[in-house]
Each structure stands twice: as C-alpha cells, then as structure tokens.
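Take a look at the structure below.
The values are calculated or read from the model by the stated rules, or taken from the named source; none is laboratory data. Values in this document were obtained by computation on a predicted structure and should not be read as measured data. All Cβ positions, even for glycine, are placed from backbone atoms using ideal geometry, and neighbour counts span all protein chains on display. Accessible surface areas use protein heavy atoms only, side chains included; no ligands, DNA or RNA. Shrake-Rupley method; radii C 1.70, N 1.55, O 1.52, S 1.80 Å.
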Amino acid sequence: MSWRPVFAPPRGLAAWLVGFAVLALPARAQGPAQVGQWSSVMSWPITATHTHLQPDGKVMFFGEFDEGNLPPRRWDPVTNAVTALPHPGYNIFCAGHSYLADGKLLVTGGHVRSNVGLNDASLFDPFTSSWSRLPDMNAGRWYPTNTTLSNGDVMVLSGDMNGSGDVNTLPQRFLAGSRTWRNMTTARLALPLYPKMFLAPSGRLFYAGPSRGSRWLRTASTGTWSSGPSSNFGTRSYGPAVYLDARVYVIGGGDPPTATTEVIDLNVDAPSWRYVSSMTIRRRQHNATLLPDGTVLVTGGSSGSGFDNSGSPVFHAEVYDPAANRWTRLASNTVYRGYHATALLLPDGRVLSAGGRNRRSAEVFSPPYLFKGARPAVSSAPDTVMPGTTFTVTTPDAARITKVTLIALGSVTHTFDENQRLLTLKFTPGTDSLTVTAPSFNSRAPPGYYHLFLVNDAGVPSVGRRVRVLRRPTTAAGALQDEEE
C-alpha cells in the first residue's frame, strides 16, 4: 500500500488552490525607476498659461485672460519660491514668444478680449528683470507664433486682429540688430492660430500644423511660401509638435482626439509624413516636452470630444522613444491639465506641469531616468559655442557617456513650445573628457541659450550645463544655408 499525505487535495483542486494563492498575492507596484514620480501639488497665485525657462534655470510665467494684466511671476525650482516680476504695461495673455540670441524674451501681441489682439511688442531681459517696449507691429495679434531664425531675427505669424477668423495674414520679421520690423509683403497667408512653425536645416521655415497641409516659407527678402507634403491623419487642433534632430513629430490632437503620431524628416530632400507608434490613449490639449535622453514626454490633456473636456481627463504621463518607436505609460499626476496648461523641461531633467483653465497650481514630474543611478558630472564646459567647431567637455564619467544633447530653452503656451528644440551632438571620448562637435550651421541651432546634457549608459542625464550658441560669421555658403538675407 503506497503512502499518501492525509491532507493532499485532488489534482484539480490542488491546481485551483495554487492559482488562488497566486491571484491573492498583491500586485507588484512599479517603482519610480519604471514610471517616474510626481511631486505634490503647489499652489500658485496665477495660472501658468505662458511658461518660459530663463537662462539662469528659473521659470517665468504669466496667466490667462485678465491675469495678463497682473505681474508675471518667477518660480525658483530649487527653493520653490514664487516672486513677482515687473509688468510691461498691457495684457500679455495670448501673446507669442521666443528667445533672442542674447537671452531676451520677445513677446508679441496680447489680449483685448477673445480673438481681439494687441499690436504691442516687448522684450523681457531675464538678467535685469526689466521690460523694454518695441515699435508696434502692423496690427493686432492674438495667438501668434514666434520663430527664431538662423541669424537671430524672429518671424511672427498669424494671430487674430479684431474678431474670430480675422487673421493677421502679414508675417513680420523682427530685425534683432535694429529692433525694427520688416513686413513680409510677398508672403501673406491666413494661417491657423498658434501655427506650429519650425526652422529647418535648409534655413526655411516649416509649417507643420495643425492643418493637414504643410508649407515652406523662404525668409529672404519679403518672403515666399511653397506647398509641402500633407500629413496622414488630418487636422490636429490642440495637439503638440516637437523638433528633434530635424525631425518634427505631431502628436495627437483633433476633435475627437486621436492617439496617432506622425513624423517628418526635414533632413531629406523630399520629406514626407509617416505614422509611427500611437500613444497609449488619445489626447487633446496635452503638452509634449523633449527630454535630455532624446525621448518625448507627453502630459495632460483630455481623451474626450469637445474643446476642453475635463470629464475625460488623462492623468498618466507617457514617453515616446524614437529609437525603439515605442510609447511607455508612466505615473499619473493629480490635477487635470487641459486648455491653458503648460509643460517645461527644467535644467535638472525634471518637467514642470502647470496651469490649465482656472487652475492656479503646478506639479513637477521626475522621469524614470532620475531613479536609475548616479548622474554623470560635468566638470567644465565652454560658456559659448560656435557652430561648425569642436569643443571640450571635461567629465570624470567620459567612459560611460553614450549621448550628448543640446536643448534650447522652452517657451510654451497652448500646447506648443515655440522655442525648444533638441540636437544630438557627435562626440569622441577621451580621458576624463569629451570632444564634442557643435551643430554645423545656425539653421540647426539658432543663436541663443541652450542646456548641454551628458547621458550615460544607464540612460541617466547630467544636470544641464548652460551654453550659449553664437551666430556663425557669415560666408557665402553660410548665408545660403542660413537664409540670413
């Protein structure tokens, strides 16, 4: 007679008990190294509808509607202190903005009432915390876009003048040297509000949306438009677009919103749009932020139909890896960040997520790479970089560096960052140093302030080191490449 345990259950019951025990175990929660981590919610005095990373690493922001008549604020990411800044003397809500080569912020247009814009323009100097008025523009602009050009001038496009649909069709070029305006009289065109505009490697401007049909603008003389390729999805209203190594990604948007993402490579002779992987959920009114490791973080937005559907909020962040063509779901924040929300990369690699309609608060997201080990250190780096040259960065972690990136200061509103772009730089490792190759032309890196990041083999970025890209001396070839006429 064979021995049998007294309490041995039948084979089927045993399998059921094992399965029940496994199911009864608590699910292993993903930690910050997998999904990142959100801070607690900070209460702010005004909404952060327009948000700008200043050269010193602090964040300037100003608010929505009548808050545009209140002093802008400055937030210190190190101390969390919020202080008031001077006011330019008119309502700066719904303005356009981008940085000049000297670090001053050009602010164009403003708010009278919805769809009625101001023709005012001003410069904010972050080093002296002061404003200076500029000559008025040709007419009002409400929701215009600023795009900094390769020689440091700025093109200003679109914006309503005196009512919905009354779009300012006359682009104007701000001549930074003389602080005057040039009317681009041969480039009149009615564009959607806050058009997604990017400086391409050719020196032309590329219009990427929200309309389906893209366009090119030659900036020499008084300007010339030409047609570009059409995207695949269609209109992507209130969906962001980003510039990464001369590739433009358009992400979500539309009504009802889509989860689809498309990319176009402006490096090639005949660029065309193509789909890449879709987000984990459809979104509208979200923000996209370039990260030091060359990935794209998406935060906020709504998955529901309608202009700003807070009844269908999206709280979880997600990140796109272009190399793997993969979206990864990350941790969730607390507050719905939809219309009038902004997101901004900080020098330490965290991302500020703030604002939203009537939401006077902010949260900070620490991406997973901040929980994957020690950061690489930057011992020294040049304060200025000339395009077409090499420069040395000293670091005790040279042997482990796998990527070097240069990211322009962010200046974001209404789902679009008008200033941020990312460039991956070639480098050669040495003993405790890297020899880094600067971008070849200012059409790839317009003159101005950037942050330089080193990324190690664990994917961990250094703290960003402030670097100013200079304007390259004009040569016949350079002028052609950079469209500096």
- request: Please work out if Thr289 is within 20 Å of the chain's Cα centre (by Cα), at pLDDT 95 or above and among the polar types (S, T, N, Q).
  value: yes
task: Determine whether region 180-192 contains at least one residue that is closer than 25 Å to Arg472 by Cα, part of a loop (DSSP other than H, G, I, E, B) and hydrophobic (A, V, I, L, M, F, W, C).
output: yes
- prompt: What about Ala323, is it open to solvent by 50 Å² or more (accessible area, probe 1.4 Å), of a type in the set (A, V, I, L, M) and more than 15 Å from the chain's Cα centre (by Cα)?
  reply: yes
query: Just to be sure, is Thr328 among the polar types (S, T, N, Q), under 20 Å from the mean Cα position of the chain (by Cα) and open to solvent by 20 Å² or more (accessible area, probe 1.4 Å)?
result: yes
message: Looking only at region 468-485, filter to residues that are modelled with pLDDT of 95 or more and outside any loop (DSSP other than H, G, I, E, B); which one of those is farthest from Leu370 (Cα to Cα)?
response: Val469
query: Is it the case that region 207-227 has a residue that's surrounded by 19 or more Cβ atoms within 10 Å (Cβ to Cβ), of a type in the set (Ser, Thr, Tyr) and in contact with a His (Cβ under 9 Å, 6 or more places away or on another chain)?
result: no
- prompt: Taking region 218-235, which residues are farther than 18 Å from Thr147 by Cβ and in a loop (DSSP other than H, G, I, E, B)?
  reply: Ser231, Asn232, Phe233, Gly234, Thr235
query: Would region 222-231 turn up any residue that is within 22 Å of Val319 (Cα to Cα) and of a type outside the set (S, T, N, Q)?
result: no
- line: Flagged in region 120-166 as crowded, with 22+ Cβ neighbours inside 10 Å, assigned to a strand (DSSP E or B) and in contact with a Pro (Cβ under 8 Å, 6 or more places away or on another chain), in numbering order, are Ala121, Phe124, Thr145, Thr148, Met155, Val156, Leu157
Those residues of region 260-272 which are of a type in the set (A, V, I, L, M, F, W, C) and open to solvent by 20 Å² or more (accessible area, probe 1.4 Å), in sequence order: Val268, Ala270
message: Taking the conditions exactly as written (surrounded by 23 or more Cβ atoms within 10 Å (Cβ to Cβ) and not hydroxyl-bearing (Ser, Thr, Tyr)), does Pro192 satisfy them or not?
response: no
field: Residue identified as under 18 Å from Leu53 (Cβ atoms), out of contact with any Cys (no Cβ under 7 Å at 6 or more places or on another chain) and of a type in the set (Phe, Trp, Tyr) among Phe371, Phe365, Phe315, Phe307
entry: Phe365
field: Single unsatisfied condition, Arg173 versus (1) in a loop (DSSP other than H, G, I, E, B); (2) open to solvent by less than 10 Å² (accessible area, probe 1.4 Å)
entry: (1)
message: I'm trying to understand the selection: among the residues of region 166-176, which are in contact (Cβ under 8 Å) with a residue 24 or more places away in the chain and under 27 Å from the mean Cα position of the chain (by Cα)?
response: Val167, Asn168, Leu170, Pro171, Gln172, Arg173, Phe174, Ala176
Residue identified as in contact with a strand residue (DSSP E or B) (Cβ under 6 Å, 6 or more places away or on another chain), closer than 12 Å to Ala354 by Cβ and among the β-branched types (Val, Ile, Thr) among Thr83, Thr47: Thr47
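Listed here are the residues, each with its yes/no results for (1) under 22 Å from Tyr369 (Cα atoms); (2) among the basic types (Lys, Arg); (3) crowded, with 23+ Cβ neighbours inside 10 Å.
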site	(1), (2), (3)
Arg284	no, yes, yes
Gly294	yes, no, no
Val298	yes, no, yes
Ser302	no, no, yes
Asp308	no, no, no
Gly311	no, no, no
Val314	no, no, yes
query: How about region 369-467: which strands (runs of 3 or more DSSP E) wholly inside it have at least 1 residues that are closer than 29 Å to Gly252 by Cβ, open to solvent by 20 Å² or more (accessible area, probe 1.4 Å) and among the β-branched types (Val, Ile, Thr)?
result: 422-425
message: Take the conditions of a type in the set (S, T, N, Q) and buried (at least 21 other Cβ atoms within 10 Å of the Cβ) and apply them to Ser231. Does it pass?
response: yes
- prompt: Which of the strands (runs of 3 or more DSSP E) contained wholly in region 236-308 include at least 1 residues that are in contact with a Leu (Cβ under 8 Å, 6 or more places away or on another chain) and under 13 Å from Tyr320 (Cβ atoms)?
  reply: 241-244, 247-251, 287-290, 296-299
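Listed here are the residues, each with its yes/no results for (1) among the polar types (S, T, N, Q); (2) more than 26 Å from Leu423 (Cα to Cα).
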{"site": "Leu205", "(1), (2)": "no, no"}
{"site": "Ser221", "(1), (2)": "yes, yes"}
{"site": "Ala259", "(1), (2)": "no, no"}
{"site": "Ile281", "(1), (2)": "no, yes"}
{"site": "Gly294", "(1), (2)": "no, no"}
{"site": "Gly304", "(1), (2)": "no, yes"}
statement: Flagged in region 328-343 as closer than 25 Å to Gly306 by Cα and not hydroxyl-bearing (Ser, Thr, Tyr), in numbering order, are Arg329, Asn333, Val335, Arg337, Gly338, His340, Ala341, Ala343
